[in-house]
Amino acid sequence: MPGLVGFVGPMAVEAQRPFLQKMARALEPEARFRVEDWQENGIGLARVTLGIVNGAPQPHWDEAQHVCVFIEGELYDTAVLRHELQQRGFPCRAAHDAELLLRLYQADGESFATRLNGNFLAAIWDKKQQKLLVCNDRLGQYPVYYAFHQGLVLFASGVRALLADATLPRQVNHLAMAEFLTFDHVLHDHTLLQAVRLLPQASLLLVQDGQMQIRPYWILRYPEIYPLRDRCEYVEELTYLLRRAVARQVEGEQPTAVLLSGGLDSRIILAILDELPARAPLHTFTWGIPGCDDARYAHESAALTRATHHFFPLQPDFLLHTAVNSIRITDGLGNIVNLHALATLEEEVRHAQVIYKGFLGDAMFGYALRHQFWADYDAETRLRAHLQVHRDQGVITFDPLTEHQALFSPAFHALVGDGVWQGYCAGMEASGVSALATQRLYFDLTQRVPRMTLQGVQVVRDRALVRLPFADNDLVAFSTQVPPGLMFERTLPRQAFLQSYPKLARIPMTDTHLPMVEGWRSLRIRLGWILRWSLHNRGLGPNPYELQRPYADYATWFRTNLRSWVEDILLSSRHLQRGYYNPESIRQLVADHMAGRNQTVRLGALISLELWHQQFIDTATA
């Protein structure tokens, strides 16, 4: 995965470049990644990149060699900023993003980031002031991890790169482990190491005079009081902002692709790209079990556009080849059963190295909203209502209130205490609003998206540049001003799509298996359901739910092709004797799954943590 690495602090001059290169190669060891590094007394910075965009060499210096810039990722809608800087006497003398960042910093100092719209990570070294600034975008789409150890500030796009410092403590963060096994992601700024933290979204990390400071330059906020507007106005504005967000990201003449599922968000992006002028070949990529619902609906959608469609079958044993690398790329913070994008990526990038994803669209426009949120409760019940919705949605792995005690060893459970529950409550209450629906929207954008959903983006970045139109600044800002009622059941984006792209809306969606447009096709589908239920109730056919065809079947794969792999990892003495778990609970969990009960997500989470330990903890202590 591309990114930046660096350090500030006391270090022998002759040790600086070897250490910096060690950090860079710990982030990405393969030769297909280009490493650009720079160091002088007490400071070292490096960029690890595929060079798909912003290909000019870095660091990028000003004329006086006083300020240098590194950036990975890209900025959008920069023409207005460049013109404004020209008017203010800071003309951009090169077209790349590093030059724009440099001039913005010269013009605005530490407030430079407030104007940036993009998907990026940047580091600026001010030589005169002896000051380092590390900046991420508003949603933290390029993670930055940092540690302050023995007077040395370390930062990197992967925790693994920080481990280039052999003296950095390897103590495991037990609370983060428990969070991961609860929500399928960790919370707040936690990582699996106590000594390492995640830079929050929209933040500046500043290092000067041996001191480190972190402060936000933008804060996600939802209102308590919403304006009253006509629904049509919201639909029109959303449609305009979606089109503009995609158009802002269309640059260059490289072949591009959309990771196309059978859902709404990727279909929206495909529809907008299709109506824009054809500057480059357009492809669509879908992976899964042959004949799955996503494959059928995606193929049908692509056929209505100019895109060339490609289907890549998921092999039942692909995790044997990708799991270890997936855990390395995500630093153990992603569940292997959610990281299937890596399975076919090498084949995909033969067609296009710039890939659009529908990332974030569901979270920001109401996928998680449920009926329970439209009620008033007492303080304790409010938080339990949130947990109930998480349970109903199937996104609780091990319930913190009913299952942790049986899963964890007494010593581990005592160490964690009620920390998971307290962190969950804090994540909701940080929204600063009272409406439960708005609290959940905030929680997903500040917790679930950056700590879980983003892991799927990270693995795609291993070989491609990923563009995420739903993360556009203006689109995110708009989403915070839409009343939650219009978000429920994703009403607003569905209406916008139906109004603008009625032909694509006639193709069923994987969440409902129905078209958005009522007609003969939806009638035929509904009549088929009635017939199948009628036959099933008479014992003449399978449960209609069993006829749905998902893109992956980890439950079966874990019992068949991957059974010995799963059992070798989870039932090994090394795993059972780590002291985290009740060994009998692990044995029973594996046995239950092999006997037919679906424990896929739980097994995947446990395997992910164990593979991370084997790569990064066991090797350090060997």
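The values are calculated or read from the model by the stated rules, or taken from the named source; none is laboratory data. All figures in this text were calculated on a predicted structure; none of them were measured in a lab. Neighbour counts run over all protein chains shown; Cβ positions are idealised from the backbone, glycine included. Heavy atoms of the whole protein, side chains included, go into the accessibility calculation; ligands, DNA and RNA do not. Shrake-Rupley method; radii C 1.70, N 1.55, O 1.52, S 1.80 Å.
Fully extending the segment from residue 591 to residue 533 would add 17.7 nm, taking 0.36 nm per residue of separation and subtracting the current Cα-Cα distance. Dividing the C-alpha radius of gyration of region 164-265 by 2.2 N^0.38 Å, with N its residue count, gives 1.66.
With an 8 Å cut-off on Cα pairs and a minimum separation of 6 or more residues, tell me the relative contact order of region 240-348 in percent.
On the way: 125 pairs, mean separation 23.7, N = 109.
Here the relative contact order equals 22 percent.
Nearest 20 debye, what's the magnitude of the dipole of the chain about its Cα centre given +1 on Lys and Arg Cβ and -1 on Asp and Glu Cβ?
On the way: 59 positive and 65 negative charges, 186 e Å.
Here the size comes out at about 900 debye.
Direction-averaged projected area, Cα convex hull, region 1-132: 8.1 nm², rounded to one decimal. With Cα atoms defining each centre, region 81-109 and region 265-336 are spaced 37 Å apart in the structure. Applying the Karplus relation 6.51 cos²θ - 1.76 cosθ + 1.60 with θ = phi - 60° to region 578-593 yields 3J(HN,Hα) values of 6, x, 7, 10, 7, x, 5, 5, 5, 4, 5, 4, 5, 4, 4, 5 Hz, where x marks Gly and Pro. Label-to-label distance, residue 573 versus residue 523, with points set 7 angstrom from Cα along the beta-carbon direction: 6.9 nm.
Of all GluC sites (Glu not before Pro) in region 418-521, which ones are in loop regions per DSSP and have a Cβ with at most 15 other Cβ atoms within 10 Å?
On the way: sites: 429, 489, 518; in loops: 518.
Within region 418-521, the qualifying GluC sites (Glu not before Pro) (loop, at most 15 other Cβ atoms within 10 Å) are 518.
Put a dot 7 Å past the Cα of residue 212, heading toward its Cβ, do the same for residue 303, and the two dots end up 5.5 nm apart.
Residue order by solvent-accessible surface for 396, 43 is 396, 43, largest first, with ligands and nucleic acids left out and a 1.4 Å probe.
What separates the Cα centres of region 146-219 and region 115-140 is a distance of 17 Å.
Hey, any idea what Rg/Rh is for the chain, computing Rh the Kirkwood way over Cα pairs? Mind dumping the intermediate values first?
On the way: Rg = 24.6 Å, Rh = 25.7 Å.
Rounded to two decimals, Rg over Rh is 0.96.
Here the extension length gained between residue 556 and residue 429 equals 41.8 nm, from 0.36 nm per residue of separation less the Cα-Cα distance.
Every helix of 4 or more DSSP H residues in the chain counts as -39500 (n - 2.57), and over all residues that averages to -11500 deg cm²/dmol at 222 nm.
Rolling a 1.4 Å probe over the protein heavy atoms leaves residue 357 with an accessible area of roughly 40 Å².
So for 389, 517, what's the accessible-area order with a 1.4 Å probe, most first?
Details: 389 0, 517 45 Å².
From most exposed to least exposed: 517, 389.
Surface composition of the chain: carbon and sulfur atoms hold 52% of the protein heavy-atom accessible area at a 1.4 Å probe. The mean sequence separation of alpha-carbon pairs under 8 Å and at least six residues apart, normalised by the residue count of region 101-152, gives a relative contact order of 26 percent. When the GluC sites (Glu not before Pro) in region 305-350 are filtered for DSSP coil states and for at most 13 other beta-carbon atoms within 10 Å of their beta-carbon, no site remains.
Rolling a 1.4 angstrom probe over the protein heavy atoms, how many square angstrom per residue are accessible across region 549-622? Could you put the intermediate results ahead of the total?
Details: 3310 Å² over 74 residues.
Per-residue value: 45 Å².
Can you quote the Å³ per residue value for the convex hull of the Cα atoms in region 375-432, rounded to an integer?
93 Å³
Under the criterion of Cα pairs below 8 Å and six or more residues apart, the relative contact order for the chain equals 15 percent.
In this structure region 111-206 gives 24 Å² per residue of accessible area when probed at 1.4 Å with all protein chains present.
Computed about its Cα centre, the charge dipole of region 395-526 is approximately 800 debye, with only Lys, Arg, Asp and Glu carrying charge at their Cβ.
Remark: region 224-360 carries 39 Å² of accessible area per residue (probe radius 1.4 Å; ligands, DNA and RNA excluded). Just report the Cα centroid separation between region 573-593 and region 458-506, whole Å. Distance between centres, Cα-based: 41 Å. If R0 equals 22 Å, the separation of the Cβ atoms of residue 94 and residue 34 corresponds to a calculated FRET efficiency of about 0.75.
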